[in-house]
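Working notes, beginning with the structure itself.
Each reported figure results from applying straightforward, stated rules to the coordinates on display, with no laboratory input. None of the values given here were measured: they were computed from a predicted structure. All Cβ positions, even for glycine, are placed from backbone atoms using ideal geometry, and neighbour counts span all protein chains on display.
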Amino acid sequence: MAIQSSITETRQHFSGKLVCSSAYWRIEQIIGNKQSLTFVVNAYATDQGPMLHSDQFSFVPELDGDNFIKQAYLHLKTLPEFADAVDC
């Protein structure tokens with residue numbers, strides 16, 4: 001499971017912005033308990049491409065809901081920075 005979403009970044013010592021209009025975002029790690037799950041999501045240029053970005057997010061899981069990985073992807077799609085995300 002993964003999502004595609006654009007990514008725009010600035011990097012130290014570079015002028016302008018780096019843009020990838022269809023980055024491949026994949027959850028790499030989930031840690032936590034029933035009160036809170038924290039997950040690491042990495043963005044890649046393509047599903048087999050180089051890593052562009054890594055970020056960490058947290059949410060309160062629904063114990064009677066979907067599996068935790070699916071819940072993490074659903075949580076990502078509620079965030080403003082992933083408003084354009086689509087499943088892939």
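Restriction of the trypsin sites (Lys or Arg not before Pro) in region 16-88 to DSSP coil positions whose beta-carbon has at most 12 other beta-carbons within 10 angstrom yields LYS17, LYS34.
In units of the compact-protein estimate 2.2 N^0.38 Å, region 12-54 shows a Cα radius of gyration of 1.50.
Check each of the GluC sites (Glu not before Pro) in region 25-88 and keep only those in coil by DSSP with at most 13 other C-beta atoms within 10 angstrom; list them in order.
Filter output for region 25-88: GLU62.
Cα-based radius of gyration for the chain, normalised by 2.2 N^0.38 Å, reads 1.14.
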